[in-house]
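The values are calculated or read from the model by the stated rules, or taken from the named source; none is laboratory data. Here the structure is a predicted model, which means the values were calculated and not measured. Here the Cβ positions follow ideal geometry from the backbone for every residue, glycine too, while neighbour counts run over all protein chains shown.
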Amino acid sequence: MKKVERINTIMRYINNRSHFTITEIMQEFNISRSTAIRDIREIEALGMPLVAEVGRDGGYSVMHNSVLPVVRFTDNEVKALFIAFMATRNQQLPYLKSRQSLAEKLLGLISENQQDDLVLLNQILLFAGTNPNNPDLLELSDLPHPMLEKLIQILLLDSYLLISIKEEKVIRSYPIYLLHLYQEKSQWLIEGFDLKEEKKKIFSVDDLTSVEPYTTKKRLSKKKILEKLSKQEEAINLFLELGPKAILQFKKYHPLKFSISYTNPYQTTANLKTFINVNKPEELREITNWLLFLGGDIKIREVPERVLEALKERLFLYCP
C-alpha cells in the first residue's frame, strides 16, 4: 500500500474509534512502530485533532465536537464503489428509489477526470439483467416487492414479527422470530422460526400481505430458539465438492434449502453439505435429477445409498 493510501486508510480507521494505540495501528496495517508514530504525526499535521493519553494503557483519542478533515477516495476506491453500484442494477434490491441521489452524490465527490473514467466504465461494463441498449446508471427497474423495505425497517427494531402470507387465495398469519432475510434465485426469502409450531420455515417476501412487530409478552428467548433449532437439525447425509462448472449450474438452479460454502477466494470451488429425506419419493426424485443437472464437475464425498441407487438407475437408462 502506498503511503498516501495508508495515511488515508488510517484516518478512516481512527475516525471509527474513540480510542486507539500505536500497537493497534502497527498490527492493523502491518507497519513498524516508527512508521506508525510518523504516520500519526502526519495525520495530526493534516488537522485531525488527536489527544495523547499518558500511562501504561495510554494511546490516542479523537477530540469530540471538532471538524475532521474530509476523507477522500482514491481512484481505485471510486472505481470499486461505482462498479459495485452498477452491479446492483436489476437485482431487486430495497431502497432503489435512492439510486439517483446516490449517483449524483458520488459523482459530486470526485474530480472531472474521475468522472470521465466512470462514464467510460458505464459504457463498456454490462452485468446480468442489464439492458445493453440502455445501460443507464440511474435507471430504476425491476423493483422489489414493496413490502421489503417495510420489513427491513421493522427488523432494525425487532426480530419478532407477525407476518401474513397469501397461500392458495387464503391469508394466513405466522408469529416468527426472523433468522435471516436473503435473496435466492431472484427471490427475497424469510427464514424464520415459527413461534407456534416451534420449527424453522421459509417464506417468500413476494407472498407477504402485511408485517408488524409481534408484541406478545410471552416471547421465547433467542437462546431457547437456537437451542430448539440445534436439536432439530438433521444429520448431514449429502456432501459434495463442486468445481467451477458445477457452481455455474448450481447458480442456475438448486433447491431453496441448499446453500454452498466457497473454499477459495476466487469462488471456483465450493462444498455443499445438507440432509436429504430419502423416505420422500418426490424429494428423492428431485435430488437425483438435480445431481445429474450439476454435471460431472462434482465429487461426491457422502451420499445416501438410495440416492446412489437412483443415480445408477438413471444412468443405466441413458447408457444401456
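Looking only at region 169-195, which residues are over 25 Å from Phe258 (Cβ atoms) and outside any strand (DSSP E or B)?
Listed by number, the residues that qualify are Lys169, Leu195.
Considering (1) within 30 Å of Leu308 (Cα to Cα); (2) outside any helix (DSSP H, G or I), say which one Ala246 fails and leave the rest.
All conditions pass for Ala246, except number (2).
Mind checking whether some residue in region 197-206 is β-branched (Val, Ile, Thr), in a strand (DSSP E or B) and under 17 Å from Lys150 (Cβ atoms)?
No, there is no match, as no residue in region 197-206 is β-branched (Val, Ile, Thr), in a strand (DSSP E or B) and under 17 Å from Lys150 (Cβ atoms).
I'd like to verify a number: residues in region 172-188 that are modelled with pLDDT under 90 and either touching a strand residue (DSSP E or B) at 6+ places or on another chain (Cβ under 8 Å) or surrounded by 13 or more Cβ atoms within 10 Å (Cβ to Cβ) (or both), how many?
Residues meeting the conditions: 5.
If you check Lys169 against the conditions, is it free of Cβ contacts under 8 Å to residues at least 24 places away in the same chain, charged (D, E, K, R) and either buried (at least 16 other Cβ atoms within 10 Å of the Cβ) or touching a Pro at 6+ places or on another chain (Cβ under 9 Å) (or both)?
Judged against the criteria, Lys169 is not a match.
Condition check ((1) without any contact (Cβ under 8 Å) to a residue 12 or more places away in the chain; (2) under 30 Å from Pro304 (Cβ atoms); (3) in contact with a His (Cβ under 6 Å, 6 or more places away or on another chain)) across all residues:
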position: Ile163; (1), (2), (3): no, no, no
position: Ile176; (1), (2), (3): no, no, no
position: Lys217; (1), (2), (3): yes, no, no
position: Leu220; (1), (2), (3): no, no, no
position: Leu229; (1), (2), (3): no, yes, no
position: Ala235; (1), (2), (3): no, yes, no
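Please enumerate the residues belonging to region 215-251 that are farther than 22 Å from Asn277 by Cα and either hydrophobic (A, V, I, L, M, F, W, C) or assigned by TED's automatic domain parsing to the domain that holds Asn277 (or both).
Leu220, Ile225, Leu226, Gly243, Pro244, Lys245, Ala246, Ile247, Leu248, Gln249, Lys251 - these are the residues of region 215-251 that are farther than 22 Å from Asn277 by Cα and either hydrophobic (A, V, I, L, M, F, W, C) or assigned by TED's automatic domain parsing to the domain that holds Asn277 (or both).
Give all pairs with beta carbons closer than 9 Å in which a residue from region 247-270 that is within 18 Å of Tyr182 (Cβ to Cβ) meets a residue that is surrounded by fewer than 10 Cβ atoms within 10 Å (Cβ to Cβ); count only pairs at least 6 apart in sequence or on separate chains.
As it stands, the answer is Ala270/Ser261; Ala270/Asn264, since those pairs meet every condition given.
Going through region 74-118 one residue at a time, which ones are without any contact (Cβ under 8 Å) to a residue 24 or more places away in the chain, among the hydrophobic types (A, V, I, L, M, F, W, C) and out of contact with any helix residue (DSSP H, G or I) (no Cβ under 9 Å at 6 or more places or on another chain)?
Within region 74-118, Ala80, Ala84 meet the criteria.
Among the residues of region 189-207 satisfying the criterion of being among the charged types (D, E, K, R) and free of Cβ contacts under 8 Å to residues at least 40 places away in the same chain, which is surrounded by the fewest Cβ atoms within 10 Å (Cβ to Cβ)?
Lys196
Does at least one position in region 228-244 carry a residue that is under 18 Å from the mean Cα position of the chain (by Cα), at pLDDT 85 or above, surrounded by 15 or more Cβ atoms within 10 Å (Cβ to Cβ) and farther than 21 Å from Lys201 by Cβ?
No.
Yes or no: region 123-134 includes at least one residue that is surrounded by 12 or more Cβ atoms within 10 Å (Cβ to Cβ), over 28 Å from Lys252 (Cβ atoms) and at pLDDT 75 or above.
No: zero hits.
Within the bounds of region 4-13, is there any residue that is touching a strand residue (DSSP E or B) at 6+ places or on another chain (Cβ under 9 Å), under 25 Å from Glu77 (Cα atoms) and touching a residue at least 40 places away in the same chain (Cβ under 8 Å)?
No, region 4-13 has no match at all.
Looking at Phe258 and the list (1) hydrophobic (A, V, I, L, M, F, W, C); (2) modelled with pLDDT under 90; (3) farther than 19 Å from Lys201 by Cβ, which single condition is not satisfied?
The one condition Phe258 does not meet is (3).
Suppose we filter Lys105, Lys97 for residues that are modelled with pLDDT under 75, over 21 Å from Glu5 (Cβ atoms) and of a type in the set (Lys, Arg); which single one remains?
Lys97
Given the condition at pLDDT 85 or above, in a loop (DSSP other than H, G, I, E, B) and loosely packed, with under 12 Cβ neighbours inside 10 Å, answer yes or no: does some residue in region 41-57 qualify?
Checked against the condition, which is being at pLDDT 85 or above, in a loop (DSSP other than H, G, I, E, B) and loosely packed, with under 12 Cβ neighbours inside 10 Å, region 41-57 yields no hits at all.
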